[in-house]
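Everything on this sheet refers to the single structure shown next.
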Amino acid sequence: QVQLVESGGGLVQAGGSLRLSCAASGRTFSNLVMGWFRQAPGKEREFIAVINYSDSSTYYADSVKGRFTISRDNAKNTVYLQMNSLKPEDTAVYLCAANPTLARWAEARSYGYWGQGTQVTVSS
């Protein structure tokens, strides 16, 4: 019912910035909880950030607090992830996810819809 497409990934030097976008279609965007996750080779999918649909409240993983910002533009059916002060350990495939509720929002298994992912590589 929901299709998600990420974009904006690429290669950046440590300390640099990238802005990821996730375009959604197929369902009323304003009624979806939107999250960002990342996954590096050989590692589990990791929660990064989430934004609610009712009040746009946000929550972040400790590893990215103060560096990453999640936002949404309901008029464009798009969620963003602004990434600043990037570190080599941020290198991963970043995935956008959607879910109709806030239940267990930090767990990947709680999300029913996923994008294909976009690669972010941070060099030293």
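The values are calculated or read from the model by the stated rules, or taken from the named source; none is laboratory data. It should be emphasised that the depicted structure is a prediction, and the values quoted were computed from it without experimental measurement. Every residue, glycine among them, receives a Cβ derived from its backbone with ideal geometry; neighbour counts consider all protein chains shown. Ligands, DNA and RNA are excluded from the accessible area calculation, which covers all protein heavy atoms including side chains. Shrake-Rupley method; radii C 1.70, N 1.55, O 1.52, S 1.80 Å.
Right, Arg104: over 18 Å from Arg19 (Cα atoms), open to solvent by 50 Å² or more (accessible area, probe 1.4 Å) and modelled with pLDDT of 95 or more or not?
In short, no.
Pick from Gly66, Gly26, Gly42, Gly115: which is open to solvent by less than 20 Å² (accessible area, probe 1.4 Å) and either out of contact with any Asp or Glu (no Cβ under 6 Å at 6 or more places or on another chain) or closer than 18 Å to Val2 by Cβ (or both)?
After ruling out the rest, the residue left standing is Gly115.
Can you pull out every residue in segment 100-110 that is more than 12 Å from the chain's Cα centre (by Cα), in a loop (DSSP other than H, G, I, E, B) and closer than 14 Å to Tyr59 by Cβ?
Filtering segment 100-110 for residues more than 12 Å from the chain's Cα centre (by Cα) gives 100-105, 107, 109-110.
Retained after the next criterion (residues that are in a loop (DSSP other than H, G, I, E, B)): 100-105, 107.
If the condition is that a residue be more than 12 Å from the chain's Cα centre (by Cα), in a loop (DSSP other than H, G, I, E, B) and closer than 14 Å to Tyr59 by Cβ, then Leu102, Ala103, Arg104, Trp105, Glu107 are the ones that fit.
Taking the condition of being open to solvent by 20 Å² or more (accessible area, probe 1.4 Å), closer than 20 Å to Val2 by Cα and at pLDDT 95 or above, how many residues in segment 48-63 meet it?
Matching residues across segment 48-63 total 0.
Are any residues in segment 1-49 of a type in the set (A, V, I, L, M, F, W, C) and touching a Lys or Arg at 6+ places or on another chain (Cβ under 7 Å), and if so, which ones?
Hits for segment 1-49 are Val2, Ala14, Met34, Phe37, Ile48.
Considering only residues of segment 2-23 that are open to solvent by less than 20 Å² (accessible area, probe 1.4 Å) and closer than 13 Å to Asn99 by Cα, which is modelled with the highest pLDDT?
Leu4
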